Structures are given as structure tokens and as C-alpha cells.
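The values are calculated or read from the model by the stated rules, or taken from the named source; none is laboratory data. Note that the structure is predicted; figures quoted are calculated from it, not measured. All Cβ positions, glycine included, derive from the backbone under ideal geometry; neighbour counts span all protein chains shown. To get the accessible areas, we keep the full protein, side chains included, count just its heavy atoms, and leave off ligands, DNA and RNA. Shrake-Rupley method; radii C 1.70, N 1.55, O 1.52, S 1.80 Å.
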Amino acid sequence: PGRAAMYAGLQELGVANGEDLKETLTNCMEPLKAIEQFQVRRQTGPGAGRGRRPWAGFPRFFHQSVFDELREKLLERVSAIALEGKVEERYKKLEDLLEKSFSLVKMPSIQPVVMCVMKHLPKVPEKKLKLVMADKDLYKACAVEVKRQIWQDNQALFGDEVSPLLKQYILEKENILFSNDISVLHNFFSPSPKTRRQGEVVQKLTQMIGKNVKLYDMVLQFLRTLFLRTRNVHYCTLRAELLMSLHDLEISEICTVDPCHKFTWCLDACIREKFVDNKRARELQGFLDGVKKGQEQVLGDLSMILCDPFAINTLALSTIRHLQDLVGQETLPRESPDLLLLLRMLSLGQGAWDMIDSQVFKEPKMEAELITKFLPMLMSFVVDDHTFNVDQKLPSEEKGPIPYPSTIPEAFTKFLQENRIACEIGLYYILHITKQRNKNAFLRLLPALVETFSDLAFSDIFLHLLTGNLTLLGDEFALDEFCTSLFDSFFLAACSRKENVHRHVLRLLLHLHHKVAPAKLESLQKALEPTKQSGEAVKELYNQLIEKLELRKPSPAEVTETPTMELPLPTVPTPASR
């Protein structure tokens, strides 16, 4: 009887029962028209004038379940139409359907169907796009396929969508560089390129662009503009990651028109290996040599790809490795084509900002002295280390110990101050010797870092890597000479004028404070105390350090309890060596 009541009134409207209603609505060609006809019959058929509507006996959930199923069938039908028959025919059907249904777009129950129709149309009529764009709720509800059509003719709106993602990306990079987890094994450059481009921002941008070349060009323009405005090299990383993310998805519509694609693909493989091998070096050289007259503008994009810190890191590590090999082979830098190519790419990468700013698209000139004087000087440092190490192993009866060279050539310091490429390679050599736990070489070259080209020795990437590598020299922090050279002469000299240096020193001490002599730690605590001008990040790190130091102090309870012991402790003479 309950079921009969549920379907009461349907027969009067020419519908046998609930199943018949469902069948009518879900299997007809034009469901919207069927609903309309059904309503007309309901209003004009027998019993139309009764006070009680035939629907009144239907439980609400029944209406909803029928409607939900109807909507699902409609969505499936729309998706099927989008794949049926000839292209022109299917799009004509979808356009007709959109024309009939668009007036219902604000009805929550019908909206998904209308949005689905628009999603499958490669070109939604402009009038409809404008109506969607003018209504915040509709704009928010429409699929990314529809938004792409809106964005491609509205750069400002697209910029508003992209801007928060770019800010988020930069913040994520900076958070890694300032992370409290200091490790030589897991640093900024540890994740593989493929892992990095699975990040949220790259994936969202990739989805927003789809196969739309115009939107891709807009994003590249945003990245160039922001790089010029801020000099922030992380925008260069994003430029490369975005292209390789589209490459992973085989979006040929974009990859084939980006002239940097094959170069970036080859460089990406080198970054993965953290080394440029001979075969890939020749490929990369082929791309650079293949830039034709009249197409020099591509050098601007290539320089931005090479300015990516992950590319610079790979090129610099490969340069240090080549220099060591040349020492073993007794070969001069100018005689190594592979080394010269690495320098050429480093030079192009480091010159990216100037090139894009000046719009003069030609490769920077390489200074001859970099190859004839600076690199041989670095090789002489490698020889000094070998000589010292061999000397330490020789019997020492007939001679006194030979001290490690403590001075550095004035020319080395000058190169680090005046030549960007020399400075970059010099910094990576210092990272190399620190990673080798070579305290002597580190203390010898450290004074040269106080003043470097564009303060590169105080850049976040270098300090992030240096603090990680210094954990390998942890035991040296107990020595006053080492701490004075590192903290007083290097770090503290820049702390007051560079807040990022202040942060990196505090990061290092949070990790190694227990290794530092108490007297030195106390003076560092005073020197590193934040000022009124210090940012929140410095204050937070300093407070964390103070908390750690407080935990190491013996508690007052322990100190006061000692005299109340019933039996005095016997005094035991301590050996002088302790």
C-alpha cells in the first residue's frame, strides 16, 4: 500500500509507475523537453485543479534519487556526444544543447550538465564566456578547459590566478634553504628533477596550461618579468621544470614550438646525474652552436634555463671534477674542450639577467685570464693538498714537519671579487674541500670569502650547502682557532648587514652548539642576539637556540641538592691530562 501511495497520481499523467517515469526521463533524446512536457500534462491533465498535487505523496529522497540518476545519465550522454560522429556534427549538437540549457546554468541541480557541455566545446561562444566571467560563482564552478578559453584573452585575469602559485613556489624554495634540518646527504639539490616537478605548483600550472601555447607563453612572460624585477633565480628553475613537466606528459603542441625543449631535455639528464658527461656535452654544444643568425633571441631563454641553480650546481660540480682530472693528466685547462664548454654554459647562465634586461642576445665574452690564470691557480691548490698529504706519510727522522701553506695568492682573492664565473667556481671548490673534511684548505681559503662578487659567498644557496658540509667538520668547532676564523672573521662580519646570514649561523649553531667550547658559545650567544630591526625568523631561531642551551644547563635543583648529601664525597685526585 505504501508503494501504491508513492506512485499515486502518475497514471493520471500518462505514466504507468515510478519505473516508467525513470525510463521516460533517462532514455529520451531530449530530457529537458521531456520534463517540460511532463509538467504541462501535470498542469492540464485530470486532477490538475485539485488542491493536492500528485507529487505530494512522494518522499523527497525519491525525487532526489530520480533527479540524480537523470543528471548522471545526462552527463554521460553529453560526454558520449563529444566523442560521436564527425567533429563538426558533434560540436554542432553540443552548441545546440548549450543554447537550450544555458538559461538554467544558475540552477544548482542543472549547473553541472551545462558546465559539462561547455567543457567539451573547444570554442565556447564568446557571449557565454563573458557571462561566465562576469559571475564569480559561475567562473569558480566552470572546468579548467573553459577557464583556459577565458584566460587566453584575459592576461590580467590569468595573472591573478597564476600569481599566488608563483609566490607559493618561491616560498617553498626558501623554506628548503632555511630548513632547520642540516645535512650533507639531504640538501636543496638532493631531489631528482622528476621528483621536483611532481610538486603542487608545477602540476597546477601544467594543468592550467593544458595544450594551450598562448597560456604557456604568458606563463613564460610572467617568469621573465619576475626574474628581471627580483633577480630571483628560482623563477629560472620553474621555467625549466614547467617545460619538462609538459615533456613528461608528451604535450607535443607546446614542446615542439619551444626552441629550448631539446636543450632542456638533455640538460635535465645531466642534472639527474649531477654531471655533464662527454656525450651530453657534445649534444649541448651542438644546440648552442646551432643558434642561427636572426634567431639569437633564443639565447635569452637558453640563458634562463642555464641560470637555474640546479643547472649551475651541475655545471660547477662537473668543472671541479674536470680540474681534478686535469691535475692527474698534467693537462692545462685551455687544452680541455669539455672544460671550456662547461665554462661557456656557466657564463651564459650567469649572464641571463643582463641579457634579458639589455635585450642584447649574444653570448658573453669569456675572459682569457679565467682560463690561463684562475683555473691553474685552483689546480695548484689541489697539488698543494696532494703534496702535503704525501709529505705527512713520509718518515720524519731526517726533516722537520712541513707546515700546510697558510697564505693565498692575492690574485685568487681579486678573481673572487671581480669575476663572477671565477667566484662561482671558487665557492664550489671551497664546498668541495669542506666535504672532504679538509680543514687546512678550508681555513686557508676562507678569508677570500669575506668580499666576493655580488656577495655570492653570502647567498642562501651557498650558505645552505656550506652549513651542511660543515657538519662533517663538527669536531673542529671545539677549537678556538677554527671558530674564530669561521664565526668572527666570516659569518659575524656580515650578520649585522645581512639578515639571511644571521639566520644561517643560527641554523648551524642549533645543529652544532654542543660541539662549541662553552666560552665561545657564550660570546656567540651575545653576538647573535636579535636587534629591534631583526625579522621574526631570526627571533624565532634565536629563541630555539636559547631553549636548547637552557636544556643543557644543570637544573638548579641538582645544584642545591648536592650539599645536603649525608656523606661527603671523597676527593679523588684528577690526572693532569683531563
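Odds and ends about this structure:
- Across the range 146-173, the qualifying residues are those that are in contact with a His (Cβ under 8 Å, 6 or more places away or on another chain) and not aliphatic (A, V, I, L, M), and the one among them that is farthest from Gly210 (Cα to Cα) is Lys173.
- Of all residues in the range 274-297 being touching a residue at least 40 places away in the same chain (Cβ under 8 Å) and assigned to a helix (DSSP H, G or I), the one that is farthest from Glu363 (Cα to Cα): Asn278
- Out of Asp181, Asp160, one residue alone is in a loop (DSSP other than H, G, I, E, B) and of a type in the set (Asp, Glu). It is Asp181.
- The set of residues from the range 340-365 being under 26 Å from Thr413 (Cβ atoms) and free of Cβ contacts under 8 Å to residues at least 24 places away in the same chain comprises Asp354, Pro364, Lys365.
- Hits in the range 89-144 - residues which are aliphatic (A, V, I, L, M) and touching a Leu at 6+ places or on another chain (Cβ under 6 Å): Leu94, Ile110, Val113, Val117, Leu121, Val132
- When the range 94-119 is limited to residues that are part of a loop (DSSP other than H, G, I, E, B) and of a type in the set (A, V, I, L, M), the one that is surrounded by the most Cβ atoms within 10 Å (Cβ to Cβ) turns out to be Val105.
- Boolean, Arg280 is in contact with a Ser or Thr (Cβ under 7 Å, 6 or more places away or on another chain), at negative phi and open to solvent by 30 Å² or more (accessible area, probe 1.4 Å): no
- Residues in the range 289-326 that are surrounded by fewer than 17 Cβ atoms within 10 Å (Cβ to Cβ) and over 26 Å from Leu456 (Cα atoms): Asp289, Gly290, Lys292, Lys293, Gly294, Gln295, Glu296, Gln297, Asp325.
- Some residue of the range 388-409 being in contact (Cβ under 8 Å) with a residue 40 or more places away in the chain and assigned to a helix (DSSP H, G or I): yes
- Residues in the range 390-413 that are over 35 Å from the mean Cα position of the chain (by Cα) and open to solvent by less than 80 Å² (accessible area, probe 1.4 Å): Asp391, Ser396, Lys399, Gly400, Tyr404, Pro405, Ile408, Pro409, Ala411.
- The selection criterion, being in the same structural domain as Gly535 (by the TED database), open to solvent by less than 20 Å² (accessible area, probe 1.4 Å), part of a helix (DSSP H, G or I) and not basic (Lys, Arg), does not hold for Ile461.
- Each residue in the range 126-162 was checked for being crowded, with 16+ Cβ neighbours inside 10 Å and of a type in the set (A, V, I, L, M), and 8 pass.
- Yes/no for Glu476 being modelled with pLDDT of 95 or more and over 30 Å from Glu418 (Cβ atoms): yes
- Helices (runs of 4 or more DSSP H) lying entirely in the range 302-366 (those with 1 or more residues that are closer than 14 Å to Val276 by Cβ): 309-329, 337-350
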